[in-house]
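The structure appears right after this line, and notes come after that.
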Amino acid sequence: MTKLNFLFELRDKLSGLPKEDIEERLNFYSEMIEDRIEEGLLEEEAVAAIGTTDEIAKQIIYDTPFTKIAKEKLKPKNKPKIWEIILLVLGFPLWLPLSIAAFAVAFSLYIALWAVIISFWAVFASFIGCAVGGVISAVVFAVNGNTFTAFAILAAALICAGLSIFIFFGCKLATKGILLLTEKVIIYTKSLFVKKGEVK
């Protein structure tokens, strides 16, 4: 891909962002390509070394504050017509509660997911606590001469310690998963406002 094609494609994928942000990013990547060409790479190699426009646009959209994207998208392109204002005002009792309800449902589902993750970590902590408490109890019973009880408690403590290791990896994986889901939801929500193909 040539530098020009790369910049046109990137501009297209960032078309919902504020114009000055788009120009700033395009200038940045243009200079980056030029620097690589000056280092001895061919134009196509310099462009390929930067990455795909999809990856770059996705990262730029993720890094751009949501308020900036929404402000640009909601900025009126032309003066609203009288009938649009009337419909907006008359529909207010309907669209406002529905919007609030939709947001509340989505937010509560997200909080519920985090509650599940926190409960997994609580189970992990309880197994660690049982393992530590079991070792201490085994030592106390061994000192008091209850060897059989001490071995039984020590065995249970070792089982809890082993289970806690497995639970730790499960908790870590689940936490990574919800963080990845959060990132994807943020990118998706922002990309709803950044429509591709609207070249400014």
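Name the residue, out of Ile69, Ile61, Ile33, Ile56, that is touching a Lys or Arg at 6+ places or on another chain (Cβ under 6 Å), assigned to a helix (DSSP H, G or I) and either at pLDDT 85 or above or surrounded by fewer than 14 Cβ atoms within 10 Å (Cβ to Cβ) (or both).
Selected residue: Ile33, the only one of Ile69, Ile61, Ile33, Ile56 that is touching a Lys or Arg at 6+ places or on another chain (Cβ under 6 Å), assigned to a helix (DSSP H, G or I) and either at pLDDT 85 or above or surrounded by fewer than 14 Cβ atoms within 10 Å (Cβ to Cβ) (or both).
From the set of residues in segment 1-27 that are within 25 Å of the chain's Cα centre (by Cα) and assigned to a loop (DSSP other than H, G, I, E, B), which is nearest to Glu44 (Cα to Cα)?
So the residue we want is Leu14.
Taking segment 9-31 only, how many residues are under 26 Å from Phe66 (Cβ atoms) and either without any contact (Cβ under 8 Å) to a residue 24 or more places away in the chain or not assigned by TED's automatic domain parsing to the domain that holds Tyr62 (or both)?
Of the residues in segment 9-31, 6 are under 26 Å from Phe66 (Cβ atoms) and either without any contact (Cβ under 8 Å) to a residue 24 or more places away in the chain or not assigned by TED's automatic domain parsing to the domain that holds Tyr62 (or both).
Got at least one residue in segment 154-173 being charged (D, E, K, R), part of a helix (DSSP H, G or I) and surrounded by 11 or more Cβ atoms within 10 Å (Cβ to Cβ)?
There is at least one residue in segment 154-173 that is charged (D, E, K, R), part of a helix (DSSP H, G or I) and surrounded by 11 or more Cβ atoms within 10 Å (Cβ to Cβ).
Any idea how many residues of segment 1-37 are among the charged types (D, E, K, R) and farther than 13 Å from Ile50 by Cβ?
Summing the residues that are among the charged types (D, E, K, R) and farther than 13 Å from Ile50 by Cβ in segment 1-37 gives 8.
Being of a type in the set (A, V, I, L, M, F, W, C) and more than 12 Å from Ile56 (Cα to Cα) is the filter here, so list the residues in segment 1-21 that pass it.
Scanning segment 1-21 gives Met1, Leu4, Phe8, Leu17.
For Gly197, indicate whether it is modelled with pLDDT under 95 and not in a loop (DSSP other than H, G, I, E, B).
no
The values are calculated or read from the model by the stated rules, or taken from the named source; none is laboratory data. Worth saying up front: this structure is predicted, and the values here are computed from it rather than measured. Cβ sites come from the backbone with ideal geometry, for glycine too, and all protein chains shown count toward neighbours.
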